[in-house]
Amino acid sequence: KVPTDRHLVVNELKVKSTSQEGEQAAYEFPLGGDGKVSIKITEQSQQQTNDSLIFAQSGIGVSVSPGKVAWQAQTTLNIYGQSLDRVILSVPQSLEIVSVESTGLESWTLNDSMRDRNRTEITLNYRQPIEGERQIICRGVMTTETDEDWNVPDLFIEKVNSHVGSILIRYPPGVRLQVERTRNVRRKALTAPATRQRTPVRQTTGPGLDFD
């Protein structure tokens, strides 16, 4: 907690208090994946309009079938210090985005990225500025060639301080899926659900690969 006449600055960005006006200020924020965090208390009340802390956590699910990949990214944004009325994401151009969902979303548009010709920007416009926690779900499809390598589409979010997540790859029984190489991820073991003894196990989903 911080006195009411002081302000908290995290990584050179002012953080908004979660307390009511007039009360001793209390702050709550995630640290994300940063290995080093700078915290200081100041008397200065000035704040640049673009000062904010934005943390993102995404779960990407990929369902693989011969010649086709169904992709879904479920992202939770935690926004501190500023409200936003627009969020910009990007995905590889090989992925065709078919839907975007988020509470309070007014519209979303697709455009070729000016920074990278191989990516597509997804611009989300909200009816009212958002802050705190907000969930975004994007769905897309991608075609693949048999026996040819392909990359799992990633998700980039502009102006976030930290973005962590996991990837779950599912494929039907009888389909052979081989991981050729990985980068900045680690394989997780999939745990089988507990079953009663002497009860035959029915396979409800195909095999899977889980990474974080």
Name the single residue that is farthest from S38 (Cα to Cα) among those in the stretch 125-162 being open to solvent by less than 50 Å² (accessible area, probe 1.4 Å) and of a type in the set (S, T, Y).
T144
So Q72 ticks every box in (1) more than 17 Å from E131 (Cβ to Cβ); (2) under 18 Å from the mean Cα position of the chain (by Cα); (3) open to solvent by less than 50 Å² (accessible area, probe 1.4 Å); (4) polar (S, T, N, Q) but one. Which box is left unticked?
(3)
Looking only at the stretch 143-169, which residues are assigned to a strand (DSSP E or B) and either over 10 Å from V62 (Cα atoms) or β-branched (V, I, T) (or both)?
T143, F156, I157, S162, H163, V164, G165, S166, I167, I169
In the stretch 133-162, how many are among the β-branched types (V, I, T) and closer than 17 Å to V87 by Cβ?
4
Can you pull out every residue in the stretch 84-122 that is in a strand (DSSP E or B), farther than 30 Å from G67 by Cβ and open to solvent by less than 50 Å² (accessible area, probe 1.4 Å)?
L84, V87, I88, L105, S107
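The values are calculated or read from the model by the stated rules, or taken from the named source; none is laboratory data. Please read all numbers here as calculations on a predicted model, not as lab measurements. Neighbour counts run over all protein chains shown; Cβ positions are idealised from the backbone, glycine included. These accessible areas exclude ligands, DNA and RNA; they are computed on the full protein's heavy atoms, side chains included. Shrake-Rupley method; radii C 1.70, N 1.55, O 1.52, S 1.80 Å.
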